[in-house]
Amino acid sequence: SRIIRDSIRYRDRHGALTLPLPVLPGRHQADNAALAVAMLRHQDRFAIPEAAMADGIRSAKWPARLQKLGAGPLTNRLPSGSELWIDGGHNGAAARLVADHARRAFASHGLPLVILFASLASKDPKAMLQPFASLTEEVHTLPIPDHEHRPPEELAALASSLGFRATANDGLEQALGRLARPSRALLFGSLYLAGDALAANGQVPD
């Protein structure tokens with residue numbers, strides 16, 4: 001498969017398809033969609049029309065995966081013109097994908113990127129922070145309420161050792177309050193914390 005402008009061009013022994021790009025951000029989501037199409041095309045129990053595959057790609061949603069939050073109690077705390085994005089990724093591989101998307105999609109839009117970061121005690125925070133080293137200088141570390149997590153002070157010390165300007169915070173609201181200028185804030189490192197952010201902003205997933 002190949003991505004050409006706003007479509008996926010897919011070809012196999014059954015012929016060629018032109019399918020829409022997923023609504024989900026990130027080039028890897030087009031690869032995921034093409035893999036799903038390949039699986040459907042290489043089974044013979046069900047006949048899946050091209051239109052049904054296209055509708056499935058268009059309608060796919062994944063809360064807390066590079067999701068931009070809309071207006072709400074949480075985002076209203078940000079300086080005017082800011083954005084708040086969340087991603088529940090919690091390992092190095094997810095961090096590399098998110099950082100790649102940020103590099104491609106955010107760099108030309110002017111707003112400085114700020115990372116709001118948390119990590120469960122069982123995860124590798126260094127692997128999650130390193131991919132963002134060339135994208136931002138600012139990291140605000142957070143706890144993960146009701147879960148065994150790495151202390152924000154420990155995470156801030158690690159971020160500082162990696163070259164970030166880091167501060168430890170008692171919670172998400174305190175971290176958002178530290179943003180003194182319009183920014184693109186990305187909450188990353190914990191699906192639990194991403195879920196808390198959705199709830200706090202009044203955007204509980206369907």
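What pairs can you find where one residue is in segment 114-138 and at positive phi and free of Cβ contacts under 8 Å to residues at least 40 places away in the same chain, the other is open to solvent by 30 Å² or more (accessible area, probe 1.4 Å) and hydroxyl-bearing (Ser, Thr, Tyr), and their Cβ atoms are less than 6 Å apart, with a gap of 6+ or different chains? Between residues of segment 114-138 that are at positive phi and free of Cβ contacts under 8 Å to residues at least 40 places away in the same chain and residues that are open to solvent by 30 Å² or more (accessible area, probe 1.4 Å) and hydroxyl-bearing (Ser, Thr, Tyr), there is no close pair. Of all the residues in segment 125-139, those that are under 23 Å from residue 180 (Cβ atoms), open to solvent by 10 Å² or more (accessible area, probe 1.4 Å) and not in a loop (DSSP other than H, G, I, E, B) number 1.
Applying the selection to segment 169-191, what residues are without any contact (Cβ under 8 Å) to a residue 60 or more places away in the chain and open to solvent by 60 Å² or more (accessible area, probe 1.4 Å)? First the steps, then the outcome.
First, the residues of segment 169-191 that are without any contact (Cβ under 8 Å) to a residue 60 or more places away in the chain: 169-171, 174-175, 178.
Within segment 169-191, 170, 174, 178 qualify.
What about residue 146, is it among the charged types (D, E, K, R) and either on the phi > 0 side of the Ramachandran plot or surrounded by 18 or more Cβ atoms within 10 Å (Cβ to Cβ) (or both)? Even if it seems obvious, please write down each step before you answer.
Details: among the charged types (D, E, K, R): yes; either on the phi > 0 side of the Ramachandran plot or surrounded by 18 or more Cβ atoms within 10 Å (Cβ to Cβ) (or both): yes.
Yes; evaluated as a whole, the condition is true for this residue.
Taking residue 114, is it at pLDDT 95 or above and open to solvent by less than 10 Å² (accessible area, probe 1.4 Å)? Criteria met by residue 114. Somewhere in segment 82-104, is a residue farther than 26 Å from residue 29 by Cα, touching a residue at least 40 places away in the same chain (Cβ under 8 Å) and either surrounded by 14 or more Cβ atoms within 10 Å (Cβ to Cβ) or touching a Pro at 6+ places or on another chain (Cβ under 9 Å) (or both)? No: zero hits. Could you tell me whether segment 3-17 includes any residue that is assigned to a loop (DSSP other than H, G, I, E, B), at pLDDT 70 or above and among the aliphatic types (A, V, I, L, M)? Scanning segment 3-17 turns up no residue that is assigned to a loop (DSSP other than H, G, I, E, B), at pLDDT 70 or above and among the aliphatic types (A, V, I, L, M). Taking the numbered list (1) open to solvent by 30 Å² or more (accessible area, probe 1.4 Å); (2) modelled with pLDDT under 80 in turn, residue 30 passes all entries but (1). Of 205, 182, all but one fail to be at pLDDT below 95 and assigned to a loop (DSSP other than H, G, I, E, B); the exception is 205.
A quick yes/no check of all residues on (1) of a type in the set (Val, Ile, Thr); (2) part of a loop (DSSP other than H, G, I, E, B); (3) over 11 Å from the mean Cα position of the chain (by Cα):
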residue	(1), (2), (3)
70	no, yes, yes
85	no, no, no
90	no, yes, no
94	no, no, no
97	no, no, no
114	yes, no, yes
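Give segment 192-202 a look and list any residue that's in a loop (DSSP other than H, G, I, E, B) and open to solvent by 60 Å² or more (accessible area, probe 1.4 Å), or say none. Reasoning before the result, please.
From segment 192-202, those in a loop (DSSP other than H, G, I, E, B) are 201-202; that's our starting set.
Passing the criteria: only 202.
Touching an Asp or Glu at 6+ places or on another chain (Cβ under 7 Å) and modelled with pLDDT of 80 or more: does that describe residue 70? It would help to see each step written out before you state the result.
Working: touching an Asp or Glu at 6+ places or on another chain (Cβ under 7 Å): no; modelled with pLDDT of 80 or more: yes.
It is false that residue 70 is touching an Asp or Glu at 6+ places or on another chain (Cβ under 7 Å) and modelled with pLDDT of 80 or more.
The values are calculated or read from the model by the stated rules, or taken from the named source; none is laboratory data. All values reported here derive from a predicted model rather than from experimental measurement. Ideal geometry is used to build each Cβ from the backbone, glycine not excepted, and the neighbour counts take in all protein chains shown. Just so you know, the surface numbers come from the protein's heavy atoms only, side chains and all, with ligands and any DNA or RNA stripped out. Shrake-Rupley method; radii C 1.70, N 1.55, O 1.52, S 1.80 Å.
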